[in-house]
1. With every protein chain in place, what's the accessible area of ILE54 (1.4 Å probe, Å², nearest 10)?
2. Might you work out the accessible area of LEU97 for me, using a 1.4 Å probe with all protein chains in place, and round it to the nearest 10 Å²?
3. Using alpha carbons only, how many angstrom separate the centre of the range 169-220 from the centre of the range 70-92?
4. Go through ARG89, ARG155, ARG213 and list them by solvent-accessible area, largest first, probe radius 1.4 Å.
5. Residues in the range 93-119, backbone N under 20 Å from the label point at ASN220 (7 Å along the Cα-to-beta-carbon vector): list them, ranges by number please.
6. Can you pull out the cysteines in the chain that have no other Cys Cβ under 4.7 Å?
7. Where the accessible area of the chain is counted over protein heavy atoms with a 1.4 Å probe, how much of it, in %, is carbon and sulfur?
8. Given 0.36 nm per residue, what is the gain on full extension from SER190 to THR80 after removing their alpha carbon distance, in nm?
Amino acid sequence: MLTKSVLSRLTLRFVLVGSVIATLLAMGVMPVQAATAPNMGALGPCAVLAGQHIFSAGTSVVTGNLCLSPGPLTQITFPTPPNVLNGTRHAADGPALAAQASWISANGFLSAQPGATPKGKLGTGTSASIAPGIYDITGIGGAVTLQGAGVYIFRGSNLLFDAGTNMILAGGASACNVFWQDASSTTVNSTANIVGNIFAVTSIVLKSGANLRGRALAQNADV
């Protein structure tokens, strides 16, 4: 669900080697596992992907395609105006079917990468500034800085971006190399300003004033 949201389409790894790894292990610190970005394939042109329904209850601006499969075109409820779509609607057609296949492939690639570091809730304590890597998280809130060129993979279930969350890219970090993997449904609360590609198995909700610079990709249900 998109409510007064702004979405835009996007078109180094953090490596510790040799004596540095040995020193960290001796100190009881686990090195952060380097991450690799998946091939987005047919997801590339999609700003939004859903299985059953895409709808906006407010005024949303989307740059990129709305892709729905297996749901029919009638289940894309995105009237223009008041919404703005800088892209094309695809429902149960070739591009939408290909996008779903690419979702399965890309999500599987992300899931297969080992070595996730537990990080708790991003934006609190030592989790306010993050280097590239693979992380298990419980939520997101406050100011979060992604520091450094590389790939970021964040995993969780029923992920919640708190209202007012603000994500900052620094040191060469790029929104297209940020991936959120949710085993269930993701909620982005009001006025949250976030980046990256959200892969949710069930659904994604973006509330009033939320801003996503990336993609909202829900496999089975709604966006």
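1. The accessible area of ILE54 comes to roughly 0 Å².
2. Its heavy atoms expose roughly 100 Å² to the probe.
3. 19
4. ARG213, ARG89, ARG155
5. 97-112
6. CYS176
7. C and S atoms contribute 60 percent here.
8. Stretched fully, the SER190-THR80 segment lengthens by 37.4 nm.
The values are calculated or read from the model by the stated rules, or taken from the named source; none is laboratory data. No experiment lies behind these values; they were computed from the predicted model shown. All Cβ positions, even for glycine, are placed from backbone atoms using ideal geometry, and neighbour counts span all protein chains on display. Areas reflect the complete protein model, heavy atoms only, side chains present, ligands, DNA and RNA absent. Shrake-Rupley method; radii C 1.70, N 1.55, O 1.52, S 1.80 Å.
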